[in-house]
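To keep things clear, I will list the structure first and then write my remarks on it.
The values are calculated or read from the model by the stated rules, or taken from the named source; none is laboratory data. Just so it is clear, the structure is predicted and the values come from calculations on it, not from any experiment. Virtual Cβ from ideal backbone geometry, glycine too; neighbours counted across all protein chains shown. We work out accessible area using only protein heavy atoms, side chains counted, and drop any ligands, DNA or RNA first. Shrake-Rupley method; radii C 1.70, N 1.55, O 1.52, S 1.80 Å.
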Amino acid sequence: MKLRERFLFNRQFVVGAIAIILPIALQNVINYGVNLMDSVMLGQLGDVAISAANLGGQPFFLLTMFGFGIGSGAGVMIAQYWGKGDMEHIRRIMGFAVRLAFAVSVLFTVVCIAAPRQIMSIFTKNPDIVASGADYMRIIAIGYVFYSVSNCYMTSLRAVEKVNVSMAIYGISFFVNVAVNYVFIFGKLGAPALGVKGAAIGTVAARVSEFLMSLIYMYFIDKRTGFRLRHVFSRGGDVVRPFMKNCLPVVGNELMWGLGTVMITLVISNLSDDFIAAGSIANVVNQIALVGIMGVSNAAAVLTGKAVGEGDKDRVQKVADTMLVFSLAVGALGAVLLFALRAPILSIYEVSDGARQIASQLIMILAALQLVLAVDITVIVGVLRGGGDTRFAFIIDVGTVYLLALPLGAVAGYVLHFPAWAVYLLLRCDTFVKTVLGLVRVMLRKWQRDVTVKDGADAERQRQTKHSSLSEKKL
């Protein structure tokens with residue numbers, strides 16, 4: 001195959017891909033901007049405040065991983081049904097996914113409200129951080145259910161190429177979060193100065209606003225899916241078994257990867273308080289650099305899934321190859337962004353000199369990793385999942401964390417007493433292995449799997465949709 005025939009750099013595909021990438025990237029800018037503003041505002045209060053919010057937010061991080069897994073797993077099937085034009089099955093999947101996300105969020109809420117100090121004590125023995133982090137966790141848990149339901153709904157909309165909705169909703173909630181943070185962290189407009197508790201109140205306010213806006217869109221604006229809350233309580237029918245079979249690996253992938261990330265935080269938090277604060281700052285800055293990569297990976301999942309549903313295997317491979325080229329471009333941009341932002345962002349944090357120095361080193365490491373991370377994330381979260389190869393994605397994503405990164409990082413930190421930057425680099429070394437294994441999988445073309453329910457109408461749907469103009473609809 002000639003090189004120019006291997007990719008889809010025609011105007012229609014590129015414009016369509018960018019139309020998905022940009023709104024998702026902007027949405028992630030908004031989401032991570034919330035984290036950055038929380039971090040910056042709390043950074044004015046010192047190391048304890050920023051460390052408490054970071055560790056107190058670890059259960060929410062796990063919940064977001066669970067929610068992302070459910071949404072992405074559902075998105076695998078929704079995108080393929082979108083390629084077939086089957087809206088009835090799409091509504092069934094959305095209903096089952098929201099129901100599952102709701103149940104999980106209730107469990108997280110109960111545990112975090114009932115035992116916040118016990119959870120905090122897992123990460124640190126510093127009594128000030130434990131006390132402050134427990135207060136933060138108990139409040140922020142109130143927003144878990146609101147977040148899970150609205151996020152699952154908006155993630156499902158992405159799979160049918162409706163990506164502007166979540167960007168608009170998260171954009172409004174960003175201002176809600178920042179405004180409430182400002183009032184309650186610093187005690188403005190007559191409100192009490194609550195510090196870390198104020199940041200938690202701001203986050204809950206944002207989550208509630210997202211939920212309310214999602215309901216308004218669902219009932220008064222959404223014409224594409226026709227999804228309503230009544231579908232959450234209806235039987236899933238023939239989608240439940242394939243959902244559990246094909247999407248549980250995605251849920252398990254995100255959950256186990258999230259647990260691995262929490263364990264990495266545990267390793268960091270037991271080395272020094274400076275390392276906790278530095279890791280918090282570095283991760284927030286890195287999230288900003290990853291927005292483009294997440295946009296490309298999500299677009300890759302939607303476009304490959306849709307192509308699989310249409311039944312054109314050659315086009316599926318071309319979509320994958322093209323999106324990997326996109327990932328390299330945004331990875332390079334992310335690296336430049338991290339180098340450029342390192343000094344200005346560090347200058348606004350009121351943290352110890354030790355924490356500032358370590359944070360600078362960690363950001364430099366993350367900048368150097370951007371190209372590899374871009375391919376890694378696009379292959380696993382985008383191409384393999386969109387193509388239905390969720391089990392292989394699970395194996396390499398989770399296996400490398402638990403068998404490679406965590407053991408090496410723990411030995412380097414606790415036994416060999418390496419410097420902070422070396423420990424951090426070893427804790428991120430799994431991304432190199434995942435990138436190689438993922439690229440080999442894609443090149444061997446063993447990842448294309450139709451995970452939809454097979455019926456006699458599939459062939460007719462594919463003939464009708466192959467030349468349709470669904471992708472040309474206004475997003």
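Any idea which of Phe102, Phe66, Phe60 is open to solvent by 40 Å² or more (accessible area, probe 1.4 Å) and assigned to a helix (DSSP H, G or I)?
Only one candidate qualifies: Phe102.
Filter the stretch 343-365 for residues that are open to solvent by less than 10 Å² (accessible area, probe 1.4 Å) and either in contact with a Phe, Trp or Tyr (Cβ under 9 Å, 6 or more places away or on another chain) or without any contact (Cβ under 8 Å) to a residue 60 or more places away in the chain (or both) and give the result.
Ala355, Ala359, Leu362, Ile363
Right, Pro249: out of contact with any Phe, Trp or Tyr (no Cβ under 9 Å at 6 or more places or on another chain), open to solvent by 10 Å² or more (accessible area, probe 1.4 Å) and assigned to a helix (DSSP H, G or I) or not?
It is false that Pro249 is out of contact with any Phe, Trp or Tyr (no Cβ under 9 Å at 6 or more places or on another chain), open to solvent by 10 Å² or more (accessible area, probe 1.4 Å) and assigned to a helix (DSSP H, G or I).
Does the stretch 26-34 include one or more residues that are in contact (Cβ under 8 Å) with a residue 60 or more places away in the chain, part of a helix (DSSP H, G or I), of a type in the set (A, V, I, L, M) and open to solvent by less than 10 Å² (accessible area, probe 1.4 Å)?
no
From (1) open to solvent by 10 Å² or more (accessible area, probe 1.4 Å); (2) modelled with pLDDT of 85 or more, pick out the condition that doesn't hold for Ser72.
Of everything listed in (1) open to solvent by 10 Å² or more (accessible area, probe 1.4 Å); (2) modelled with pLDDT of 85 or more, Ser72 misses just condition (2).
Only one residue in Arg230, Arg315 is surrounded by fewer than 18 Cβ atoms within 10 Å (Cβ to Cβ) and of a type outside the set (S, T, N, Q). Which one?
Arg230
Select, from Ala320, Ala282, Ala340, the only residue that is part of a helix (DSSP H, G or I), surrounded by fewer than 20 Cβ atoms within 10 Å (Cβ to Cβ) and not β-branched (Val, Ile, Thr).
After ruling out the rest, the residue left standing is Ala340.
Right, Met218: at pLDDT 90 or above and over 21 Å from Ala134 (Cα atoms) or not?
It is true that Met218 is at pLDDT 90 or above and over 21 Å from Ala134 (Cα atoms).
What are the residues in the stretch 444-461 that are acidic (Asp, Glu), in a loop (DSSP other than H, G, I, E, B) and at pLDDT below 80, if any?
Within the stretch 444-461, Asp455 is the sole residue that qualifies.
With respect to Ala422, determine if the residue is assigned to a helix (DSSP H, G or I), open to solvent by less than 20 Å² (accessible area, probe 1.4 Å), in contact (Cβ under 8 Å) with a residue 24 or more places away in the chain and not charged (D, E, K, R).
no
Any chance the stretch 182-198 includes a residue that's modelled with pLDDT of 90 or more, open to solvent by 30 Å² or more (accessible area, probe 1.4 Å), under 21 Å from the mean Cα position of the chain (by Cα) and not polar (S, T, N, Q)?
No; the residues of the stretch 182-198 include none that is modelled with pLDDT of 90 or more, open to solvent by 30 Å² or more (accessible area, probe 1.4 Å), under 21 Å from the mean Cα position of the chain (by Cα) and not polar (S, T, N, Q).
Tell me, which residue of the stretch 370-396 that is open to solvent by 10 Å² or more (accessible area, probe 1.4 Å) and modelled with pLDDT under 90 is farthest from Met65 (Cα to Cα)?
Arg391
Identify, by number, the condition in (1) among the small types (Gly, Ala, Ser); (2) within 25 Å of Gly279 (Cα to Cα); (3) outside any helix (DSSP H, G or I) that Gly388 doesn't meet.
Gly388 satisfies every listed condition except (2).
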